[in-house]
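Chemist: The structure is given below, and queries will be raised subsequently.
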Amino acid sequence: MTVRNLRYILFASITFGFACLLGAMLLAAARAMAASPVAPPELLSQTGLYADIARGEIAADHLFYSPQYPLWSDGASKRRWIYLPAGTAIDASRPDRWEFPVGTRLYKEFALGRRVETRMLERQADGSWAFATYVWDEDGREARRAPARGRRGLLEVEPGVPWDVPGQYECLACHGDRSAPVLGFSALQLSPDRDPLAPHAEPAAGLLLDDLIAQGRIRGLLGASPDWPAVRAASAAERALRGYLHANCGGCHNAAGSLRDLGLRLDRATATDLLDPRIAERLATREPARQMPPLGTHLVDAEVLALLGAWRDGREPQISLHR
Amino acid sequence: MHTLRFPAVLLTLALVVIGTGPGRSVDTLTWPAAARAGTADDAVERGAYLVAAMGCGDCHTPLKMGANGPERDAQHFLAGHPASLEMPDAPELGAGPWMGVMSATMTAWSGPWGVAFAANLTPDPATGLGAWSEDEFVATVRSGRHRGRGREILPPMPMTILDSLTDDDLSAVFAYLQSLPPVVNAVPSPRPPRV
């Protein structure tokens with residue numbers, strides 16, 4: 001063993017040591033990259049929704065909207081906002097699969113007397129969406145991110161009927177389909193041609209499709225038809241019912257998502273679907289293994305059942321009192 | 001002696017490549033090596049081991065009476081509650097510490113949740129898991145909901161056992177289940193609790 005060979009071996013050993021260090025750094029970098037997207041903040045006041053949360057002042061760049069066919073949520077009052085980063089626009093070239101810009105955030109506030117929850121979705125750089133829900137303090141001055149598993153029975157909607165705060169997996173149950181994570185913000189739901197009989201419709205319309213177009217916040221909408229989107233039905237009641245199924249069932253029961261093999265196309269519900277006794281059966285029960293939707297409510301939607309009964313019997317439907 | 005220079009340089013290069021190894025294959029450092037689903041065959045083998053060890057067949061393969069006492073019905077391996085076995089209403093237990101009743105096949109379970117029937121885990125597309133994707137299987141386990149989106153999986157299915165598995169192990173379980181012979185067996189829908 002000569003001195004020169006020893007020098008080579010020493011050199012090789014030092015190089016090996018540096019290589020291990022490089023390997024460890026690569027590993028840390030890979031882990032750091034995998035750790036992004038950025039997790040939603042702990043407090044609602046940190047999300048940018050409120051200019052002044054204690055005074056309930058919404059930030060000017062968060063736009064109020066109201067889908068014409070709201071989801072049934074046990075009678076909770078709801079308000080919704082969308083934030084689109086400045087200079088960005090929604091790509092609506094695929095009608096059933098709008099592409100939202102990175103950084104888009106949608107919020108939905110639920111109130112039972114007082115504000116209870118504000119839920120949020122945010123589009124991440126890698127195309128995925130982050131979900132969070134914020135539970136309001138009783139004094140209404142701040143809302144705090146709920147635990148990942150949610151909170152069952154946060155309070156009572158009415159005696160014996162709990163309000164459950166969803167966990168991450170509950171968010172994903174409805175919003176986790178890669179083909180359509182955003183629900184309730186679409187051409188039909190924001191159409192200026194609003195259905196006067198839509199069950200539980202909220203009084204103020206907010207941002208509509210024509211506003212989005214005028215503000216340059218949407219691109220690629222097919223402009224062939226002069227009419228705004230609407231359910232074209234034989235009667236007002238049929239229109240309202242088919243719109244209801246679109247909103248309450250179509251998020252899962254459609255031709256594009258993970259449950260397409262079930263063969264139910266309730267995003268484009270027909271009059272024949274309305275006559276299917278399975279629809280009425282699932283709407284009329286809150287038995288956990290039978291109710292539809294499978295989560296999110298403990299109370300039957302009596303208004304839609306009454307409308308369905310009236311339509312089937314050919315009776316004049318009552319105009320919705322929730323205006 | 002310069003003839004050693006070349007081998008020394010080669011040794012150095014080899015050591016550099018080996019040294020950066022841990023940074024290149026991230027996931028080998030996260031799970032134990034034995035659990036890694038390497039080739040497709042490894043996954044199926046690992047899945048078979050896990051399914052045997054977790055005892056899935058205890059509820060999902062019907063028990064039948066053989067010549068020497070109760071035995072598993074191999075024709076219905078992991079195929080769930082036999083469709084041909086009509087179950088009458090379970091006996092009422094009333095208030096008290098006894099909570100549940102099971103069928104002799106150990107595939108139908110009556111309790112406060114109503115009646116649950118063990119699912120067909122074979123890859124038959126119409127009556128088993130043949131139409132499911134791996135994502136849906138994992139979503140079912142992690143969320144406790146049917147296909148990650150529907151009704152909750154009912155007791156007595158011990159979801160916490162499956163949920164404690166790593167993603168790789170769940171993937172192996174699914175690969176094994178998908179490799180089984182498909183059995184056509186339309187397990188009945190669960191029954192609600194009697195009022």
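The values are calculated or read from the model by the stated rules, or taken from the named source; none is laboratory data. Source: prediction; values computed, not measured. Positions of Cβ are generated from backbone atoms using ideal geometry, with glycine treated the same way; all protein chains shown enter the neighbour counts. To get the accessible areas, we keep the full protein, side chains included, count just its heavy atoms, and leave off ligands, DNA and RNA. Shrake-Rupley method; radii C 1.70, N 1.55, O 1.52, S 1.80 Å.
Chemist: Name the single residue, out of those in segment A:187-230 being polar (S, T, N, Q) and open to solvent by 30 Å² or more (accessible area, probe 1.4 Å), that is modelled with the highest pLDDT.
Modeler: The qualifying residue modelled with the highest pLDDT is A:215.
Chemist: Sticking with this structure for a sec: Open to solvent by 20 Å² or more (accessible area, probe 1.4 Å), away from chain A (no Cβ under 14 Å) and in a strand (DSSP E or B), is that true of residue B:65?
Modeler: Criteria met by residue B:65.
Chemist: Continuing with this model, one more query. Among the candidates B:112, B:88, which residue alone is without any contact (Cβ under 8 Å) to a residue 24 or more places away in the chain, surrounded by fewer than 19 Cβ atoms within 10 Å (Cβ to Cβ) and either within 17 Å of residue B:156 (Cα to Cα) or over 20 Å from the mean Cα position of the chain (by Cα) (or both)?
Modeler: B:88
Chemist: OK, next. Quick check on segment A:139-156: of everything there that is touching a residue at least 60 places away in the same chain (Cβ under 8 Å) and under 16 Å from residue A:76 (Cβ atoms), which residue is surrounded by the fewest Cβ atoms within 10 Å (Cβ to Cβ)?
Modeler: Only one residue fits best here, namely A:140.
Chemist: Something else now. Quick check, is residue A:286 outside any helix (DSSP H, G or I) and without any contact (Cβ under 8 Å) to a residue 40 or more places away in the chain?
Modeler: Yes: the conditions hold for residue A:286.
Chemist: Shifting gears a bit: Could you look through segment B:143-159, keep only residues that are open to solvent by 40 Å² or more (accessible area, probe 1.4 Å) and over 12 Å from the mean Cα position of the chain (by Cα), and pick out the one that is farthest from residue A:286 (Cα to Cα)?
Modeler: Among residues in segment B:143-159 that are open to solvent by 40 Å² or more (accessible area, probe 1.4 Å) and over 12 Å from the mean Cα position of the chain (by Cα), the one farthest from residue A:286 (Cα to Cα) is B:156.
Chemist: So which of A:73, A:45 ends up being at pLDDT 95 or above and part of a loop (DSSP other than H, G, I, E, B)?
Modeler: Among A:73, A:45, only A:73 is at pLDDT 95 or above and part of a loop (DSSP other than H, G, I, E, B).
Chemist: Would you mind stating whether residue B:134 is at pLDDT below 95, in contact with a Lys or Arg (Cβ under 9 Å, 6 or more places away or on another chain) and acidic (Asp, Glu)?
Modeler: No: the conditions fail for residue B:134.
Chemist: OK, next. Kindly provide the set of residues from segment A:289-323 that are of a type in the set (Lys, Arg) and assigned to a loop (DSSP other than H, G, I, E, B), ordered by number.
Modeler: Selection gives A:290, A:315, A:323.
Chemist: Taking residue A:184 and the conditions (1) modelled with pLDDT of 95 or more; (2) touching a Lys or Arg at 6+ places or on another chain (Cβ under 6 Å); (3) not aliphatic (A, V, I, L, M), which numbered condition does it fall short on, given that it satisfies the others?
Modeler: Of the numbered conditions (1) modelled with pLDDT of 95 or more; (2) touching a Lys or Arg at 6+ places or on another chain (Cβ under 6 Å); (3) not aliphatic (A, V, I, L, M), the odd one out for residue A:184 is (2).
Chemist: Please list, ordered by first then second residue, the pairs with beta carbon atoms under 8 Å, 6 or more apart or interchain, first in segment A:59-81 and in contact (Cβ under 8 Å) with a residue 12 or more places away in the chain, second in a strand (DSSP E or B) and among the acidic types (Asp, Glu).
Modeler: So the pair list comes out as A:78/A:109; A:79/A:109; A:80/A:109.
Chemist: The conditions are (1) under 20 Å from residue A:96 (Cβ atoms); (2) more than 14 Å from every other protein chain (Cβ to nearest Cβ); (3) among the small types (Gly, Ala, Ser), and residue A:179 fails exactly one of them. Which is it?
Modeler: (2)
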